[in-house]
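The values are calculated or read from the model by the stated rules, or taken from the named source; none is laboratory data. Note that the coordinates shown come from a computational prediction; the quantities given were computed from them, not determined experimentally. Note that each Cβ is placed from the backbone with ideal geometry, even for glycine, and that neighbours are counted across all protein chains shown.
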Amino acid sequence: MKILHELLGPLELPDRLERLVSLAPNLTDALFALGVGERLIGRSAFCHRPPQVLSLPVLSSYTKTRTELLRRLRPDLVLLSTGVQREQALRLKEEGFPVYAVPLPTSPYGILENLSTLGHLLDLEDRADALAHGLALRYAALRGRFGLRVYFEMDLGGPITVGRGSYIAQALLHLGLRPIFLDVPQAYFVPDLEEVKRRKPDLFLYEPKPWGRNPLEKARALAAARGWDLPVAATDGDELAHYGPMFFGFLEKLASRLEATLAQA
């Protein structure tokens, strides 16, 4: 299979890709959603869904790879995302590994486009098309559920919010949750918390680190410490920050949770 990749240049990959390594959680999720999770022979330290991947060897963080172990596994294809993994993908290609980097989406529709890309690579076009169609219908059903201005914050070792060009901002806008920093031409950035207060959001939506306990209580404590008197909601962690097929189920869960929260407000 000969491919011209926008970042990696000309690629020549096996026609049949049986031994797969995924170094990004969104791609691990997508492979299982496409029904080929059994082809995975290695993962990144951040690939923890679905649970059966936890038995696979850990080959990387987001930016560093255990290349000797990877070489011993003899993968037919190593999958990464672009963005923070851009240099890692280039480095692995230079070292002779069969690599493909899937684009970082700028909207939820980019998640569906990435499914189509994987379908092409893995000779699963029909399956990928059916999956993308079903997810698109579920996403469409969420349109305009709310009418609020929202301040969204995720904990990535410190507060990070979203502006223009982020798939998270686009998804929130689709739900009728307009991010207060949508005018900022930067996808992800450290917020000015005083500016948050000046912009007077209707809702504080918080995403904790994965595996955190009591996310709603933590979100309420943050709001109180910052002097914000407004409704608070929280995800369970690594949900809106996850850009695999599970993202759409996480959005549905968020919509249901918000409806319950606002009904009590």
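Across region 163-171, a minimum of one residue is classified as buried (at least 21 other Cβ atoms within 10 Å of the Cβ), closer than 24 Å to F247 by Cα, out of contact with any helix residue (DSSP H, G or I) (no Cβ under 7 Å at 6 or more places or on another chain) and in contact (Cβ under 8 Å) with a residue 60 or more places away in the chain.
On inspection, E87 does not qualify as touching a Lys or Arg at 6+ places or on another chain (Cβ under 9 Å), charged (D, E, K, R) and either surrounded by fewer than 18 Cβ atoms within 10 Å (Cβ to Cβ) or on the phi > 0 side of the Ramachandran plot (or both). With respect to (1) on the phi < 0 side of the Ramachandran plot; (2) out of contact with any helix residue (DSSP H, G or I) (no Cβ under 7 Å at 6 or more places or on another chain); (3) in contact (Cβ under 8 Å) with a residue 24 or more places away in the chain, the lone exception for R138 is condition (2). Which condition does T63 not pass, out of (1) assigned to a loop (DSSP other than H, G, I, E, B); (2) of a type in the set (S, T, N, Q); (3) within 20 Å of L121 (Cα to Cα), if it passes all the others? Of (1) assigned to a loop (DSSP other than H, G, I, E, B); (2) of a type in the set (S, T, N, Q); (3) within 20 Å of L121 (Cα to Cα), only one is false for T63: (3). The lone criterion from (1) touching a residue at least 24 places away in the same chain (Cβ under 8 Å); (2) farther than 21 Å from R145 by Cβ; (3) surrounded by 16 or more Cβ atoms within 10 Å (Cβ to Cβ); (4) not hydrophobic (A, V, I, L, M, F, W, C) left unmet by R220 is number (1).
Within region 199-211, is there a residue that is more than 19 Å from F146 (Cβ to Cβ), assigned by TED's automatic domain parsing to the domain that holds A255, assigned to a strand (DSSP E or B) and not acidic (D, E)? Break it down stepwise before answering.
Within region 199-211, the subset more than 19 Å from F146 (Cβ to Cβ) is 208-211.
From the residues that got through so far, the ones that are assigned by TED's automatic domain parsing to the domain that holds A255 too are 208-211.
Still in the running and assigned to a strand (DSSP E or B): none.
No, region 199-211 contains no residue that is more than 19 Å from F146 (Cβ to Cβ), assigned by TED's automatic domain parsing to the domain that holds A255, assigned to a strand (DSSP E or B) and not acidic (D, E).
Only one entry in V190, V150, V162, V184 is modelled with pLDDT of 95 or more, assigned by TED's automatic domain parsing to the domain that holds P245 and under 19 Å from R220 (Cα atoms), namely V150.
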